[in-house]
Amino acid sequence: MKLTLNIWRQADAAATGEMRTYALDGVSEDMSFLEMLDVLNEQLNAKGEEPIAFDSDCREGICGTCGLMINGQAHGPEVTTTCQLHMRSFKDGDEITIEPWRADAFPVVKDLVVDRGAFDRIIQQGGFISANTGSAPEANSVPVPRDKALRSFNMATCIGCGACVAACPNGSASLFMGAKITHLGELPQGQPERDQRVVNMVGQHDHEGFGGCTNIGECAAACPKEIPLDVISQLNKDLRTALKHGH
Amino acid sequence: MAMTDASGTVALNQPSVQTSDDAAGYYTPGEPIVDAKAPTGPIATRWTNRKFENRLVNPANRRKLTVIIVGTGLAGGSAAATLGEAGYNVKSFCYQDSPRRAHSIAAQGGINAAKNYKEDGDSVHRLFYDTVKGGDYRSRESNVYRLAEVSANIIDQCVAQGVPFAREYGGLLDNRSFGGVQVSRTFYARGQTGQQLLIGAYQALERQVAAGTVTTYTRHEMLDLVMVDGKARGIIARDMVTGAVETHTADVVVLASGGYGNVFYLSTNAMGCNVTAAWRAHRKGAYMANPSYTQIHPTCIPVSGEHQSKLTLMSESLRNDGRIWVPKNKEDCDKDPRDIPEEDRDYYLERIYPSFGNLVPRDIASRQAKNMCDEGRGVGPMVGDFRRGVYLDFADAIARLGKAGIEEKYDNLLDMYERITGENPYEVPMRIYPAVHYVMGGLWVDYDLQSNIPGLFVTGEANFSDHGANRLGASALMQGLADGYFVLPNTIRDYLADGPFETVTEDHPEVVAAHQAVQARIERFLSIDGERSADSFHKELGHLMWEYCGMERTAEGLRKAIDGIRELKREFWSNLKVLGTADSLNQSLEKAGRVADFLELGELMCIDALNRRESCGGHFRAESQTEDGEALRIDEEFAYVAAWEFGTAVENDPNEPQSSMGTPVLHKEDLIYTAIEMKQRSYK
Amino acid sequence: MTPVATHTSAPTLVKGSRAARSTITLKILMAASGIVFIGFVLVHMYGNLKAFAGHDAFNEYAHHLRTFGEPILPYEGLLWIVRVGLIAALVVHVASAYALARRASTARTQKYAVKKNRSSSLSSRTMRWGGVTILVFLVWHLLNFTIGKINPSGGATNDPYNLMVDTFDLWWMTIIYLVAMLALGLHLHHGTWSALQTLGLTGTAAARTRAKTAGWVLAVVIAGGFSLVPLFVLLGVISK
């Protein structure tokens, strides 16, 4: 198939970017979206134009590295990661607009690559359970009810790709935080630090310049791991509890 | 006559004596490795004794000691967190934009641990035994025993961190049997065990960042090892965003940089996985051990065309219910499989291995799939001259368990398959094909995980130590975390007890030289100004490697591959085209550096494979098989670790100043077993 | 093309975060004040429907509001307590909304060239403009019936019932009120669910469905209930 691609090009963080249009022919529907960009890059390289920078690593939908805004949707039209999107979701003659995640807390590094270091810093502020190596009790000494374990697991599937932020009209990272709060909060091991965790993570979130949540739900719809909106409810509840406890 | 060691422990085998010499002319014989620093005595006491013998570092001194850790996967992330907790000053490097993205994240199946929660006869000794046997008796027994010993602690540690392992209704941890073993010792978190374990390690690491003990350097790629007075004292790394070439010095360097499966171009590795950190250390003198030991996983989604950038693994568990077949007749290969009658199907694994059937080990399942395709009975689209795929059919299982039953067990996997191929596996048999998945080879380390370069430690997939010639399912995660959480922190302290070492400044001549060499190499890539992209060279290299150094290897093919790689390397250094600049994010430049190292590694892998004229584990030499075509291991000749020393170039070729590679030197480390007797595998 | 935003806050870790200073606390304040308004408009709507009972019943109700609680409370005592409460809620609601909207606008200074909405409702995307619309309407509404007692038909203003009928006899006044009720309905549709979510009461899929249903019910009942009177005045069912 033949495609027209409008792609954001930006030399570096300080540069002014612009949309540029490329025509690409010979795309097969079995290609993944990123393989389609690989083909374009090979052609650009041959023509002497610098290839388009974009992030990807595992290309099997689990590492969370890739992430493009495709025709106005984070990770494109399917509920999956950009690397697992295949060209059979498009048709011959389509025009596709490709942009980086847009959020001031995710500054553009180059072309379609952004810096998501803010997520790491949010985790640094409490997205963990403090358990020094060697200090752990026997694993089966604390049973975890299966429903709680299951909910914890479901929220732990977040891959930290940033699609929630990209899709949110407010540029909020509430879904990301909510997933972590719920993952750790459902487990008995996560209780001692629960109040401090939510307060510090939210504090860092606000400091990074993410917006506040207005419960619109675009994040959950864009999430390739289908993290549900109720984690934001959990996040709010935990914050309210912490507030009550005087944190 | 039985040999005994100092403590009176009896050796069960004699050192082997190699009589064949297929690789003559390609290598130089070197001194054998006599001391791998493995403790002696009864195997069950060795690790305990070593932990006690190893010296301690005063807590007050720890913050004065700097540890560089390259890689943030299970092995690197867990080590960085643990050493940070202990109070060392840790610098953690990764090429990804976050430590959480290291490729350990993609591991699906699970992690083994000798907890014996099922009371089904598991024990440390049985896990040890299974791992050595699974590795086809090509691993060091002391290391493997230690691995089995600490496996239970890993589960405790991970649960305490909040890793959401699967649980039973009573709230206790669930286990499953995995990878053909007869006990249920595998802990899992649905099909995402690697992700959950890595996030646990990542969170522990980030906690230490906030505590100020660990500094992370993301989007940084190690491009050289800094050696001062024969010791590893730091690294040269490139900030991939600004392009700055930085010097980082330390008291000790740990490489936890993963495997090099991407030398095959197509593999289940992530796009960025590379050998550069390990190869640069190798070029500085670290031995590379058993580089040709590659694991090829039988159940991957087949290649669909020339554009393919990577292969996707599907959990081996699919073989529990799916039946593998190809058409009996070549003419049927392009037919709709549903139209091929039962009598025209060849369920070849069930036919050849009646007792194990579809559950034969990975290497056998992979090799037989290749044989079927080589016979012209492969299915799926033509890629090159062959159809590369065999059917994995769930029709019988659906008839037996119902569609809902299959859905419940494998839904995620089948969904993923449909997403990638566009075919519905509930209606049409799936197509699978083997793909490179893991490398057992890696930098040589002693029992303490220290390479032959003092101060350079290597952990996880980057070292060679625990899996022998074949890795069992659910053992990679175990090894990564064992190394990082429990082994390295206990061995590195013996080395650091001599520190802090004399400060190395950036203007030290050896540092300056390393820095300049890195810069010169980068400039070289940008100035060749040829016609071909690094990716195109990589693809060609991968093709050679897969064809001649893949599932089945012959002396003739390997020699051909070596010639081909040398030719390709020459072209690379004269016809490469890298656009852009060195002072910004430049993915083509990164790729060029990685491909340059893969080209050198590929040659060494072929030489190693050529030398090893036996079939063992994942390494099948056509010249060494039984009458009925099964792998024939030759313990009398090859029960040793092949540790290769980088061969300094005899003469400097002016055309390839950056790639001059001399004849490698082979050092052998004999594998002597005292706790286990070597046996031939049989799955008939 | 506009220049690209650069990172404004240095990538550092904040120390001493307080729950009370977080954006979520702002949201909780919005939710709480919003719930006060929901209670108010329900009572208000109930009073409006008295119009169907005729001139005297309606005026009696209006008068009774002023004498409620006498003699413990002074004349209009309860009314003023409620008014003060409502003004406080209004200040909190608007101030939080303003703060959050400002944050949102600085969180993404470089807009997308193409952006699609995948699942969000119209009501959720119109909260800010809808809120402003309601606020502007509120000013007029207070001038019309409470503070200024402006009779747009130019008639008498001392009789609440007659003032109301005079107002809605004008087709364009009815349209203004109906538009305002549409805005209120939309605001309540998302606002109700959003308030419950913000208060952390929607932790399960079932609770989420209930909260969304509550949004629909309140939107239809309140906006519909308020719209009946103007419509029936215009249709001549309710008249002087």
- Query: Considering only segment A:208-247, how many residues are assigned to a helix (DSSP H, G or I), open to solvent by 10 Å² or more (accessible area, probe 1.4 Å) and among the hydrophobic types (A, V, I, L, M, F, W, C)?
  - Reply: 4
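Could you list all residues from segment A:41-54 that are among the polar types (S, T, N, Q) and more than 7 Å from chain B (Cβ to nearest Cβ)?
A:Asn41, A:Gln43
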- Item | Flag for B:Ala596 being assigned to a helix (DSSP H, G or I), open to solvent by less than 10 Å² (accessible area, probe 1.4 Å), more than 14 Å from chain A (Cβ to nearest Cβ) and over 30 Å from B:Glu246 (Cα atoms) | no
- Query: Hey, among B:Ala148, B:Ala160, which residue is outside any loop (DSSP other than H, G, I, E, B), surrounded by 20 or more Cβ atoms within 10 Å (Cβ to Cβ) and within 8 Å of chain A (Cβ to nearest Cβ)?
  - Reply: B:Ala160
- Note on the structure: Here, helices (runs of 4 or more DSSP H) confined to segment B:471-543 with at least 3 residues that are open to solvent by 10 Å² or more (accessible area, probe 1.4 Å) and more than 14 Å from chain A (Cβ to nearest Cβ) are B:509-528
- Query: Within segment B:233-251, restricting attention to residues that are more than 15 Å from B:Ala513 (Cβ to Cβ) and part of a strand (DSSP E or B), which residue is most open to solvent (accessible area, probe 1.4 Å)?
  - Reply: B:Glu246
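Name the single residue that is surrounded by the fewest Cβ atoms within 10 Å (Cβ to Cβ) among those in segment A:60-83 being without any contact (Cβ under 8 Å) to a residue 60 or more places away in the chain and within 14 Å of chain C (Cβ to nearest Cβ). Even if it seems obvious, please write down each step before you answer.
Initial filter on segment A:60-83 (without any contact (Cβ under 8 Å) to a residue 60 or more places away in the chain): A:60, A:68, A:70-72, A:76-78, A:82-83.
So of that shortlist, the ones also within 14 Å of chain C (Cβ to nearest Cβ) come out as A:68, A:70-72, A:76-78.
Values: A:Leu68: 28, A:Ile70: 22, A:Asn71: 17, A:Gly72: 17, A:Gly76: 24, A:Pro77: 14, A:Glu78: 17.
My answer is A:Pro77.
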- Query: Can you spot a residue in segment B:269-286 that is assigned to a strand (DSSP E or B) and either among the hydrophobic types (A, V, I, L, M, F, W, C) or open to solvent by less than 10 Å² (accessible area, probe 1.4 Å) (or both)?
  - Reply: no
- Taking segment B:449-465, which residues are in a loop (DSSP other than H, G, I, E, B) and either touching a Ser or Thr at 6+ places or on another chain (Cβ under 6 Å) or at positive phi (or both)? B:Leu449, B:Gly455
- Task: Among the candidates A:Ile52, A:Ile62, single out the residue that is of a type in the set (Val, Ile, Thr) and in contact with a strand residue (DSSP E or B) (Cβ under 8 Å, 6 or more places away or on another chain).
- Result: A:Ile52
- Report whether or not A:Ser141 is open to solvent by 20 Å² or more (accessible area, probe 1.4 Å), over 30 Å from A:Ile7 (Cα atoms) and among the hydroxyl-bearing types (Ser, Thr, Tyr). yes
- Please work out which residue is farthest from the chain's Cα centre (by Cα), limiting yourself to segment B:60-80 and to residues that are within 13 Å of chain A (Cβ to nearest Cβ) and of a type in the set (Ser, Thr, Tyr). B:Ser78
- Message: Step by step: first the residues of segment B:116-145, then only those that are part of a loop (DSSP other than H, G, I, E, B) and acidic (Asp, Glu), then the one that is farthest from the other protein chains (Cβ to nearest Cβ). Which residue is that?
- Response: B:Asp136
- Query: Quick one: in segment B:358-377, which of the residues that are at pLDDT below 90 and not charged (D, E, K, R) is most open to solvent (accessible area, probe 1.4 Å)?
  - Reply: B:Leu359
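Being closer than 30 Å to B:Tyr433 by Cα and modelled with pLDDT of 95 or more is true for just one of B:Leu496, B:Leu526, B:Leu541. Which residue is that? First the steps, then the outcome.
Values: B:Leu496 fails: closer than 30 Å to B:Tyr433 by Cα; B:Leu526 fails: closer than 30 Å to B:Tyr433 by Cα.
The conditions single out B:Leu541.
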- Check segment B:166-175 and report whether any residue there is more than 9 Å from every other protein chain (Cβ to nearest Cβ) and open to solvent by 10 Å² or more (accessible area, probe 1.4 Å). yes
- Task: Go through segment C:130-159 residue by residue and tally those that are closer than 30 Å to A:Ala221 by Cα and either at pLDDT below 95 or crowded, with 17+ Cβ neighbours inside 10 Å (or both).
- Result: 4
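Residue by residue, here is whether (1) open to solvent by 40 Å² or more (accessible area, probe 1.4 Å); (2) facing chain A (nearest Cβ under 9 Å); (3) touching a helix residue (DSSP H, G or I) at 6+ places or on another chain (Cβ under 8 Å) holds:
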position	(1), (2), (3)
C:Glu70	yes, no, yes
C:Val84	yes, no, no
C:Leu90	yes, no, yes
C:Thr109	yes, yes, no
- Message: For the condition within 14 Å of another protein chain (Cβ to nearest Cβ), open to solvent by less than 10 Å² (accessible area, probe 1.4 Å) and over 16 Å from the mean Cα position of the chain (by Cα), what is the one hit in B:Ser304, B:Ser315, B:Ser309?
- Response: B:Ser309
- Got a sec? Which of A:Asp57, A:Asp30, A:Asp38 is at the interface with another protein chain (Cβ under 7 Å from one of its Cβ atoms), open to solvent by 10 Å² or more (accessible area, probe 1.4 Å) and either at pLDDT 95 or above or part of a helix (DSSP H, G or I) (or both)? A:Asp38
- Sort out which residues of segment A:117-130 are outside any helix (DSSP H, G or I) and open to solvent by less than 10 Å² (accessible area, probe 1.4 Å), and write them in order of number. A:Gly126, A:Gly127
- Name the residues in segment B:393-448 that are part of a strand (DSSP E or B), open to solvent by 10 Å² or more (accessible area, probe 1.4 Å) and more than 23 Å from B:Ile105 (Cα to Cα), would you? B:Asp393, B:Arg431
- What number of residues within segment B:228-285 satisfy the criterion of being touching a helix residue (DSSP H, G or I) at 6+ places or on another chain (Cβ under 9 Å), of a type in the set (Lys, Arg) and over 23 Å from B:Leu585 (Cα atoms)? 3
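Considering only residues that are of a type in the set (S, T, N, Q) and either without any contact (Cβ under 8 Å) to a residue 40 or more places away in the chain or surrounded by fewer than 24 Cβ atoms within 10 Å (Cβ to Cβ) (or both), look in segment A:171-200 and name the one that is nearest to C:Tyr112 (Cα to Cα). Reasoning before the result, please.
Looking only at segment A:171-200, we keep the residues that are of a type in the set (S, T, N, Q), and these are A:172, A:174, A:182, A:189, A:191, A:196, A:200.
Now narrow it down to the ones that are either without any contact (Cβ under 8 Å) to a residue 40 or more places away in the chain or surrounded by fewer than 24 Cβ atoms within 10 Å (Cβ to Cβ) (or both): A:189, A:191, A:196.
Working: A:Gln189: 41, A:Gln191: 40, A:Gln196: 35 Å.
Per the stated criteria, the residue is A:Gln196.
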- Close pairs (9 angstrom Cβ cut-off, 6 or more residues apart or separate chains): closer than 10 Å to B:Tyr433 by Cβ in segment B:372-389, aliphatic (A, V, I, L, M) and open to solvent by 30 Å² or more (accessible area, probe 1.4 Å) anywhere: B:Arg388/B:Met382
- Taking segment B:81-105, which residues are aliphatic (A, V, I, L, M), within 11 Å of chain A (Cβ to nearest Cβ) and buried (at least 24 other Cβ atoms within 10 Å of the Cβ)? B:Ala81, B:Leu83, B:Ala102, B:Ile105
- Query: Can you tell me which of C:Ala183, C:Ala195, C:Ala219 is open to solvent by less than 40 Å² (accessible area, probe 1.4 Å) and within 14 Å of chain A (Cβ to nearest Cβ)?
  - Reply: C:Ala195
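The values are calculated or read from the model by the stated rules, or taken from the named source; none is laboratory data. Bear in mind that the values here come from a model prediction, so they are computed numbers and not experimental data. Here Cβ is always computed from backbone atoms with ideal geometry, including for glycine, and neighbour counts include all displayed protein chains. Heavy atoms of the whole protein, side chains included, go into the accessibility calculation; ligands, DNA and RNA do not. Shrake-Rupley method; radii C 1.70, N 1.55, O 1.52, S 1.80 Å.
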